[in-house]
Amino acid sequence: GPIYRNKMIEYMSKSDILADQFNSGSFTRTGMEALVFGIPLLVNLDISLHESLHDGYPPVINAKDDEIYTKLKNLLNSKEKLFEIGEKAKKWALNEYNMNKIIEKYITIYEKIGKK
């Protein structure tokens, strides 16, 4: 069943990596929180979608279903690489998900819709 927010935060604080979505091309709120906390995110990301929404795409461990095992195995003994990915993810998330930037993007989207 569902996990309460406090418990999820406790689990995330003890995690080296978080696996999120593999069928949507994006990540969930939990995935976004992982990025903000600097926890590397394993996800199947639609890079072109995120590049169209942001200044580049988030630094994640991008994997399709058949790549998950190999990617995890390659990172198993690489705390330094995970730390590097986590630091880049945190920097990206704090830059891309600030309220002013989000509001500006919505205004641009609505202006485009209004011109159609």
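The values are calculated or read from the model by the stated rules, or taken from the named source; none is laboratory data. Model, not experiment: these values are computed from the prediction. Glycine also receives a Cβ, built like all others from the backbone with ideal geometry; neighbour counts cover every protein chain displayed. Ligands, DNA and RNA are excluded from the accessible area calculation, which covers all protein heavy atoms including side chains. Shrake-Rupley method; radii C 1.70, N 1.55, O 1.52, S 1.80 Å.
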I'm trying to understand the selection: among the residues of segment 101-115, which are open to solvent by 100 Å² or more (accessible area, probe 1.4 Å) and within 23 Å of the chain's Cα centre (by Cα)? E104, Y106
Give the residue that is farthest from Q21 (Cα to Cα), with candidates limited to residues of segment 50-66 that are open to solvent by 70 Å² or more (accessible area, probe 1.4 Å) and more than 12 Å from the chain's Cα centre (by Cα). D55
Conditions (1) touching a strand residue (DSSP E or B) at 6+ places or on another chain (Cβ under 7 Å); (2) more than 20 Å from Y97 (Cα to Cα): number failed by Y11: (1)
In segment 11-42, residues that are assigned to a loop (DSSP other than H, G, I, E, B) and among the aromatic types (F, W, Y) total 2
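Go through segment 70-100 and count every residue that is of a type in the set (D, E, K, R) and open to solvent by 100 Å² or more (accessible area, probe 1.4 Å).
Step one: list which residues in segment 70-100 are of a type in the set (D, E, K, R), which gives 71, 73, 79-81, 84, 87-88, 90-91, 96.
After this cut, where a residue has to be open to solvent by 100 Å² or more (accessible area, probe 1.4 Å) as well, the list is 73, 79-80, 88, 91.
Total satisfying the criteria: 5.
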